[in-house]
Every structure is written in C-alpha cells, then in structure tokens.
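Visitor: Dropping a structure here in structure tokens format, bear with me for questions.
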Amino acid sequence: MDWRLAVFLGVLQGVTEFLPVSSSGHLVLAQHYLGFPDGGGAAPLFFDGMLHVGTLVAVLLYFGRELLAHLAQHDPQLAALEGNPRPVDRRSLVGKGLRLVLLVGVASLPAVIAVLLFGKQVRASFKDPQMVAVCLVVLGGVLAASDRIRPGKTDWKETTLWQALLVGCGQALSALFRGLSRSGMTITAALLAGLERTWAVRFSFLMSLVASLGLGVVGIREALADPTQEEWLTGEFVALTLLATAISAVVGYLSIGPLIRVVRKARLWWFSVYLWLVGLTVLIVEWNR
C-alpha cells in the first residue's frame, strides 16, 4: 500500500460512513480490486478499524460543537458573550446526557451480541466481495422503501427503550453483513419505530460512537494476535494507516451535515440507484471471472 491508496481509502471511509451506502462494504470492494496487504485477514480488519476511529472523532467533534452551543444557552458566562444570559439548569443537562447514554447503550446491545456469537462470520465478511454486492442491492431496496415510511413524531425525550432496541437490531444486521450500511439500516429502523426524521439521523450518529470504537478495538486486538504481524505491521504501514485515519476524520466531519439535510427531505432513494449500480456491476464482474 502506498500513500495514494491510503488517502483514497481515507476519503472513501469519510464520505461513506455517514451516507447510507456502507463504508465497510466500499472498503472491502476497494481493497479487493485495488490491492491490499492480506496479513492473514488482520491487516484489512486493523486498517478498517482505525478508519472507523477517524469517523468516531468526526462525530465527537460535530456533536461536541452542538453541545457547546447548547451550554452557551444555559451557562451565564458563556451566554453573556452571546448577549443572552439564562439561568443554569445543570440537572437538566445531566439528565439529558444520562438518558442519551442509556438509549445508545440499549441500542448497541444487539450488535454486541451478534458480534460475540458470530465473530468468525464477521471476520470472513471482510473478504467476500460477492456477498457485499448482494447486500448493496438489498440495501438499495431498503432505502427505496424507507422514503415511503410516514414521518414519526417521537423525539429524544419520548424515545422508549423498546424503540432503541429496535433501532439496534438494524445495527446488528449491518455488523454481520458488509454492504448493509450501519447508518442506512439504523435510520430506516428508527423511522419504522416512529422516530422523528432529524432525531433518527442524530441517534444513528450517536450509536456510531460505540460501533466505531468497537471496530477499532477489534482491529487492534486482531492485529496484536496475528502471528504474521511482522510481515505487514511495519512502521510504514502504521504511518499510512494514521494518515488515512486523519483524512477519514476530516472528510467524515464534513459529511454529517449534508446527510442530515438529505434525510430531513426524505430523499434516501437517491442512494438506491447508486447502490444497485455498484452491486450489480460487482456481481457481473465476479460472475464473469
């Protein structure tokens, strides 16, 4: 792997992580067709995990900015700078934070259980371009159908644990099958559960914190346990991985806002055409080999 491939994969991860087109599926296809050090399976998993850490940083930065804006409305010193002082309601802020943590925790359970039970299948899915292609075609159908779902009205204050668990089932499917976009599946599940569109997207992003951190941990653990790590875990490879990670963080940060606007306008079907074209093209190429 040279720096050009590292940059390309970093951009690819940053663009696709928050769009409902499956970043992991795109990385599998790009690594398959552009060439990537195998390392017994650990190299791609380590690289993908680190790129997801990059987009994890993007989510923290994006929503950290929103949190500071929210605090500025309640903290006297910060609000005074805005010319709009308001009384502090720290109990409300802590309560909101704890509720969000609980919802994200419950929503993350199905994916955690799925990965623990089917870890071998998850690792194998990083080497199967045909399965990725099939999942992309299926995902296109899911997104096309999601635009027909009647908008819900449930915001974060009214979201129940059962609704969070249902959204988590969408994430579990994406964890098991490369090509089933995590954001696409969770947003669709959230809309089915009756969540308001903007909150559905934001909840999906918050769930990505746990998912991306989990992929990063798994990638590092697999790399350290790989008996062939000396063949590929070189200083150059680590440096290129960190370069791609930084790029994925920057590009991912810039991609969050546009996705929120797209989903708010209920135009997820735009991505269906793209997914069908990519999936069918890959299947034709693989079948003719």
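Where a number appears in this text, it was derived from the coordinates with a stated rule and is not lab data. Worth saying up front: this structure is predicted, and the values here are computed from it rather than measured. Glycine also receives a Cβ, built like all others from the backbone with ideal geometry; neighbour counts cover every protein chain displayed.
Visitor: Report the local net charge at S204: Lys and Arg +1, Asp and Glu -1, summed over other residues whose C-beta lies under 12 Å from its C-beta.
Guide: Neighbourhood net charge equals +2.
Visitor: Which value, in debye to the nearest 20, gives the size of the charge dipole of the stretch 139-288 about its Cα centre, when Lys and Arg are +1 and Asp and Glu are -1 at the Cβ?
Guide: Magnitude of the dipole: close to 1040 debye.
Visitor: What FRET efficiency comes out for the pair R261/V138, r = Cβ-Cβ distance, R0 = 25 Å, nearest 0.05?
Guide: 0.45
Visitor: Right, here's the next one. Per-residue ellipticity at 222 nm for the chain, helices alone: DSSP H runs ≥ 4 residues times -39500 (n - 2.57), over residue total, nearest 500 deg cm²/dmol?
Guide: After summing the helix terms and dividing by residue count, I get -26000 deg cm²/dmol.
Visitor: If you don't mind, another one. Among residues other than L29 whose Cβ falls under 13 Å from its Cβ, what is the net charge (Lys/Arg +1, Asp/Glu -1)?
Guide: With Lys, Arg at +1 and Asp, Glu at -1, the net is -1.
Visitor: Can you return the lysines within cross-link range of K153? Criterion is Cα-Cα under 22 Å, with same-chain partners fewer than 8 residues away left out.
Guide: K96, K265
Visitor: Cα centroids of the stretch 147-167 and the stretch 5-62: how far apart, whole angstrom?
Guide: Between the Cα centre of the stretch 147-167 and that of the stretch 5-62, the gap is 29 Å.
Visitor: If you don't mind, there's one more thing I want to ask. Considering the dipole of the chain built from charges on the beta carbon (Lys and Arg +1, Asp and Glu -1) around the Cα centre, which of S183, S125, L224 is farthest to its positive end?
Guide: S183
Visitor: Can you give the extra length, in nm with one decimal, that the chain gains between T160 and L60 once fully stretched, where that is 0.36 nm per residue apart less the Cα-Cα distance?
Guide: The span from T160 to L60 would gain 33.6 nm if fully extended.
Visitor: Between D147 and T198, with labels modelled 7 Å along Cα→Cβ, what's the label distance in nm to one decimal, could you check?
Guide: 2.2
Visitor: Please compute the length gained on full extension between Y33 and R221, using 0.36 nm multiplied by the number of residues separating them and subtracting their Cα-Cα distance.
Guide: Length difference between fully extended and current span is 65.1 nm.
Visitor: Just check the stretch 210-255 against the gyration tensor rule for me: Cα atoms, a ≥ b ≥ c as the square roots of the eigenvalues, rounded for a/c under 1.5, and otherwise prolate or oblate depending on whether a/b exceeds b/c.
Guide: oblate
Visitor: Additional query: Under the rule a/c < 1.5 gives rounded, and otherwise a/b versus b/c splits prolate from oblate, where does the stretch 134-178 land using the Cα gyration tensor?
Guide: Oblate shape, in that a/c is at least 1.5 and b/c is the bigger or equal ratio.
Visitor: May I ask you to list, by number, the DSSP H helices of the chain whose Cα span along the axis is at least 18 Å and whose average Kyte-Doolittle hydropathy reaches 1.6 or more?
Guide: Those that pass (Cα extent of 18 Å or more, hydropathy at least 1.6) are 129-146.
Visitor: Assuming R0 = 45 Å, what is the FRET efficiency of L98 and K127, from their Cβ-Cβ distance, to the nearest 0.05?
Guide: So the FRET efficiency works out to roughly 0.65.
Visitor: In nm, to one decimal, how far is the modelled label at T228 from the one at W270, with both set 7 Å along Cα→Cβ?
Guide: Here the modelled spin labels are 4.2 nm apart.
Visitor: Just rank T16, T154, fewest to most, by other beta-carbon atoms within 10 angstrom.
Guide: Starting with the residue having the fewest Cβ neighbours, the order is T154, T16.
Visitor: Let me ask something else. I need W287, W232 ordered by Cβ neighbour count within 10 Å, fewest first.
Guide: Ascending number of Cβ neighbours within 10 Å: W287, W232.
Visitor: Which of the three applies to the stretch 226-289, rounded, prolate or oblate, going by the alpha-carbon gyration tensor with a ≥ b ≥ c and a/c under 1.5 meaning rounded?
Guide: Note, shape of the stretch 226-289 comes out oblate.
Visitor: Sort Y274, Y33 so that the residue with the fewest other Cβ atoms within 10 Å of its own Cβ comes first and the one with the most comes last.
Guide: Fewest to most other Cβ atoms nearby, the residues stand as Y33, Y274.
Visitor: OK, next. Which trypsin sites (Lys or Arg not before Pro) in the stretch 98-148 sit in a loop by DSSP (not H, G, I, E or B) and have at most 13 other Cβ atoms within 10 Å of their own Cβ?
Guide: R148
Visitor: While we're looking at this one, here's another question. Counting Lys and Arg as +1 and Asp and Glu as -1, each charge on the Cβ, what is the dipole of the stretch 179-243 about the Cα centre in debye, to the nearest 20?
Guide: 540
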